[in-house]
Structures are given as C-alpha cells and as structure tokens.
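One structure is given below, encoded as structure tokens.
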Amino acid sequence: MTKSRTAAFALALMTVAFLGTGFAADPADKPKTATDAAAELAALKVQLAAQQKQIEQLQTALQSQMKMLDQMAANTAPAAAPPRSAGLGEIASTTPMLPPAPPAVAAPRIFTPPAPQAAAAEASSPLQIKIGDTTIMPVGFMDLTADWKDKNAGGSLGSSFGSVPYNNAATSKLSEFRFSPQNSRIGFRIDGNWKGAHFLAYNEFDFLGQSGATNLSVTNGAFVPRLRLFWVDVRKGQWEMLAGQSWSMLTPNRKGISALPGDLFYSQVVDVNYMAGLTWTRQPGVRFLYHPSDKVTVGLSLENPDAYIGGSGGGSSITLPSALSGLAGTQLDSTANVQTTPNLHPDIIAKIAFDSSSHVHFEIAGIERTFKLWNTTTGQPASGQYSTKAGAGGSFNGNFEILPNFRLITNNYWSDGGGRYMFGQAPDLVVRSDGSVSPLHSGGTVDGFEAIVNKNTLLYAYYGAIYIGRDVAIDANGTSLVGYGYRGAANSQNRSIQEITFGLNQTIWKDAKYGALNFMAQYEYLMRAPWYWAAAVAGGKGTHDNTIYLNLRYTLPGGAPSMK
C-alpha cells in the first residue's frame with residue numbers, strides 16, 4: 001500500500017507541473033491580436049491533448065503496479081489449513097471400523113489419520129503422556145464375550161474351523177456355552193520424532209494364552225497374558241523400516257502396508273480366530289517399505305519360517321511314511337514343539353499396495369518359502385540325502401467404497417506350500433517314502449461387505465472358504481498310501497472348509513475423554529468336508545456348526561497423536 005500511495009502522489013505532481021506549464025500567462029508588454037489569440041488557443045488544445053494522453057499512460061502503469069502488489073501480498077499471506085474430513089474409524093487397538101477418509105491435502109504417510117474424536121482426545125485425554133516430542137498412550141479394551149455353539153467342538157473361545165464334530169460323533173450331541181474375558185487387550189503406543197524421522201512403537205497383549213492350571217473354570221479364572229504385537233517402526237522421507245512381532249505382511253490391508261491393527265483387514269467378527277479363508281498370522285520379522293507417492297507403497301518382508309505339517313487350531317495333518325514318522329516334531333512342525341524345527345531361510349514376502357483415493361484400496365502380494373529335509377532312514381535309496389523344495393503363493397486383495405459408507409471386500413489367496421498362513425488349516429507339504437518334499441496346494445478367500453448406518457451402527461456379512469488339494473504317495477512297502485487326501489485317509493483331512501457369517505457392532509456411547517461402550521453380535525455357519533469318508537460311517541460326508549457370539553466392549557479413551 002505504501003508503494004501505491006507514492007505512485008499516486010508522483011502522478012499528481014506531474015499532472016500539476018504539466019498543467020502549470022500549459023496555463024502560464026504570457027508577458028503583458030505586447031498586445032495580442034485576434035489572430036494571435038486564435039493561434040494560442042489552438043496550441044493550448046494540442047498541448048492539453050498531449051498531456052491527457054500522458055496522464056492516461058501513467059494511470060495504466062499505476063494500475064498495473066497495484067495489481068502486482070496485490071498478487072505479492074496474496075502469495076505471502078499464510079495459507080488456510082485444509083479442512084478436516086469426517087473420520088469413520090476407531091483407534092488402532094479396537095476392532096477396525098471402515099477406514100477414515102484422508103484430508104483433502106495430505107503428506108505421504110502410512111499411519112491412519114486420527115478421527116475427530118481422536119484429535120479431541122489428544123488435547124484432553126488424561127491417558128496421554130507427552131514428553132518433549134514423544135507421546136505415550138495406553139491402548140486396549142475390556143471384553144466380556146458370550147459364545148454358544150450347537151456342537152461341542154472342545155475348543156476355546158474361538159472357532160476350530162477344521163475340527164467341527166461330525167454328526168455321528170458323541171460330541172455332536174451336545175452344545176456348549178461360556179462367558180469369557182479373554183479377548184480383552186492391553187498395551188501401549190509411543191510416537192515421537194528424532195532428527196527428521198518419525199518412530200512408532202506398538203505393544204499389545206490379550207489373555208488367550210495357554211495355562212498349566214486345570215481349575216480355570218472351577219475356582220480361579222487366572223487367564224494367561226499372551227503377546228500379540230511388539231514392534232518398532234521408523235520412517236524418514238519415503239523410506240520406512242519395521243522390526244519385531246507384527247501381523248504378517250501377507251495379512252490383507254485396508255490402507256497402504258501399515259502394520260497398525262486399524263489399517264489391516266482381519267474382518268469385523270467377534271470370533272477371536274477371525275474367518276475361515278483369511279490369510280494371516282502374527283510372527284517376528286523385519287520389513288522394508290518404500291513410498292514413491294502417497295498412493296503407492298512397496299514392501300519387502302523377511303518373516304519367521306516354519307515347515308508345518310498340520311495339527312494347529314484343529315487343522316488337518318498329513319500322514320508321514322512309516323519309516324519317516326520321526327520327522328514330526330524334529331524337522332517338521334506338528335505343533336508338538338515350539339520354535340525347535342530347522343529352517344533354511346526366512347519366509348520372503350513382497351507386496352505392492354495402491355490407494356488411488358480414500359474409496360479404493362487394492363494390493364498384490366507374493367510369498368516364497370524353501371523346505372529342506374535330511375533323510376534319516378537306513379537302507380532306503382535316498383538315505384543320507386537332502387531334499388530341498390521351494391514353495392510359493394500369491395494374493396490379490398481389495399476394498400472398494402461403491403456407495404457412501406458401504407464397502408465391498410475381496411481377499412483371495414492361492415499357494416503351493418503356504419497353508420499355514422490360513423490359520424494353520426492346511427499343511428505346507430507332504431513327504432514321500434524316499435524322503436523328498438512335495439509342497440501341498442491350498443487357497444482361501446474372504447468376500448463380503450461392510451456398511452455404517454446412522455454413524456453408530458456397523459453391519460457386515462462375509463463368505464469365507466478354504467480349499468486343500470490332495471497329494472498322495474505310496475509308502476516304502478509298496479501298498480500303503482501316505483500324504484494327504486488319499487483313499488482311506490482319516491476324515492480329519494479336510495478338502496474344504498466354508499463359513500457364512502454376519503453381524504453388527506453398535507456404539508452405545510462414546511466420549512473422547514472417557515472412552516466408548518459397544519455391543520457386538522455375530523452369527524456364524526460353518527461347514528467342512530473331508531477328502532475321504534468311509535462308506536460304513538453314518539452321518540453323510542460333511543458337517544456343519546452354528547455359533548452365536550455376543551460381546552460387550554469398553555474401549556479406553558485416547559487417540560493417536562497427529563503425525564508430523
């Protein structure tokens with residue numbers, strides 16, 4: 001504005017100077033004739049026209065300068081903050097809701113932006129502790145779950161997908177019911193900044209661990225804490241590294257390749273074993289991520305290996321050759337031992353994720369594994385020889401918001417030696433009589449929808465399925481069959497497992513300072529069919545189970561701090 005006033009003052013002075021020159025009186029020492037007066041008048045008109053043209057030119061220049069000054073002032077003014085969009089999610093430690101919509105303008109990040117209630121909690125929650133640039137926050141919730149099954153599967157709170165009793169079994173004549181607090185979780189989250197890098201540490205326990213006590217339901221419900229997650233993630237610029245125990249990178253994501261529970265897809269169900277057909281595990285490892293843009297993430301993960309032959313979570317087990325039965329529990333994991341079997345190298349997982357907008361996420365992942373055995377038999381052709389075989393698998397996953405607050409979900413996985421990543425429902429391999437390894441084909445899918453109604457009600461429905469291929473070999477005696485899915489095999493060797501489930505998650509009350517209270521309900525219909533069913537056995541060639549879960553959850557207050 002100072003420059004524009006100076007220019008206007010200069011223009012006024014020039015105008016006065018020009019006009020003063022034009023109207024100065026002639027000396028009166030010489031009388032003027034009519035001809036002289038007419039000539040003078042004509043000259044004045046010419047001079048006035050020239051001066052008017054100069055004034056117009058100066059005005060044009062002044063207006064141009066004023067426009068330039070206005071543009072400079074606009075460029076130097078502080079930019080208005082982008083509007084915060086409404087979030088649809090909850091904090092990371094709870095069962096994830098639909099992923100929150102990102103801000104209109106956001107820097108590349110992998111962490112879920114906090115929802116509006118989380119932002120308010122950052123300023124007022126009594127459970128957040130700030131030390132410099134570091135924030136420490138407890139995370140977790142307290143559950144009371146009631147579950148009813150129409151067949152007594154003999155399991156725990158979660159479903160044993162692969163061992164639902166057949167109709168001719170005594171356990172199929174009884175139902176089961178229990179209350180349990182075991183799915184409650186407690187942990188902490190630490191966020192901080194150091195020399196331009198953001199670090200995030202995450203820890204989470206539940207109470208589904210194994211206990212040596214036998215009186216849990218008699219006099220003492222002393223359920224054992226179990227480590228779920230314990231990892232540290234560091235990101236600087238486009239590069240990121242995570243180390244510790246986390247959800248496997250093969251687990252489907254809702255957003256990017258983030259390891260935070262709220263950014264993963266493990267369904268909305270109450271069942272603590274989630275869905276049949278879902279690809280997941282929690283295990284130690286290290287991963288490296290690269291973010292070429294805020295819409296693309298590329299990851300490579302090295303994770304704990306395990307040569308698995310079945311038996312976990314009710315899953316099917318293979319039949320070993322008689323001379324090589326000793327491989328179970330020594331060179332191959334039959335769930336009898338913990339971290340004692342040898343492995344050649346870590347499982348190698350690669351993934352690329354695309355988030356073209358808050359409405360679309362899809363990803364492609366692949367896994368490579370290598371199995372190696374030493375033949376311990378004597379007198380066999382392969383005695384004292386190694387057998388090494390690579391296994392591989394791949395998945396394509398996505399979730400798409402086709403209508404406001406309504407998302408379609410699809411997760412698809414197929415493998416040749418990757419069965420343990422489906423909650424251990426399929427073995428990784430079979431062993432032939434000569435000691436050679438043969439990876440077993442298996443795959444799974446989870447498809448469905450999730451919808452938020454009236455902001456406080458989440459509805460969902462899914463279909464999940466697992467298919468396990470057959471791999472049959474002849475034992476060294478030349479007559480007996482071994483492997484998986486052969487004629488005469490135990491009816492525990494499943495061909496397929498299918499699940500149809502639906503439910504709701506109703507928010508009863510929530511407050512950023514005091515937490516939230518939710519009621520959750522789920523109905524589950526489970527079917528399984530074996531490869532072989534003896535003709536003399538009554539009851540058909542399959543079985544099914546009906547399960548109902550009811551859950552009351554109190555979630556701790558607090559929300560993730562804003563990323564810097």
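None of the figures in this text is laboratory data; all of them are computed from the coordinates on show. All values derive from a computational prediction rather than experimental measurement. Positions of Cβ are backbone-derived with ideal geometry, glycine not excepted, and every protein chain shown enters the neighbour counts.
Among M249, M142, sorting on how many other beta-carbon atoms sit within 10 Å of each Cβ, with the fewest leading, yields M142, M249. How many angstrom lie between the Cα centre of segment 392-426 and the Cα centre of segment 303-328? Centre-to-centre distance over Cα atoms comes out at 24 Å.
When segment 198-288 is described by a simple charge dipole with +1 on each Lys and Arg Cβ and -1 on each Asp and Glu Cβ, the residue from F223, N203, V234 located farthest towards its positive end is V234. Annotation: amide H-H contacts under 5 Å for S159 (H modelled 1.01 Å from N, sequence separation of 5 or more, or interchain): V272, N273.
Stretch M241-Q506 to full length: gain in nm at 0.36 nm per residue minus the Cα-Cα span? Walk me through the numbers on the way to the answer.
Values: separation 265, 0.36 × 265 = 95.40 nm, distance 3.62 nm.
Separation in residues times 0.36 nm, less the Cα-Cα distance, equals 91.8 nm.
So for segment 283-378: antiparallel DSSP bridges make up what percent, rounded to the nearest 5?
Around 90 percent antiparallel, to the nearest 5.
Here the residues D416, D306, ranked from fewest to most Cβ neighbours within 10 Å of their Cβ, fall in the order D306, D416. Protection proxy ranking of 359-371, 170-182, by the mean of other Cβ atoms within 10 Å over each peptide's residues and highest first, is 359-371, 170-182. Using the Cβ of A353 as centre and a radius below 12 Å, the other residues enclosed give a net charge of 0, where K and R count +1 and D and E count -1. Taking K and R as +1 and D and E as -1, what net charge do the other residues with C-beta under 13 Å from the C-beta of R432 add up to? Local charge sum for R432: -2.
Farthest towards the positive end of the charge dipole of segment 235-323, among the residues G285, Q268, G299, is the Cα of G299, using unit charges on the Cβ of Lys, Arg, Asp and Glu.
This ranking places M520, M68 by how few other beta-carbon atoms lie within 10 Å of each, fewest first, which gives M68, M520.
Where Lys and Arg each count +1 and Asp and Glu each count -1, what net charge lies around G158 among other residues with Cβ under 10 Å from its Cβ? Intermediate values should be presented prior to the final figure.
Numbers: positive: none; negative: D147, D271.
Every neighbour counted, the sum reads -2.
About its Cα centre, segment 252-320 has a charge dipole of approximately 160 debye under the convention of +1 per Lys or Arg Cβ and -1 per Asp or Glu Cβ, with nothing else charged.
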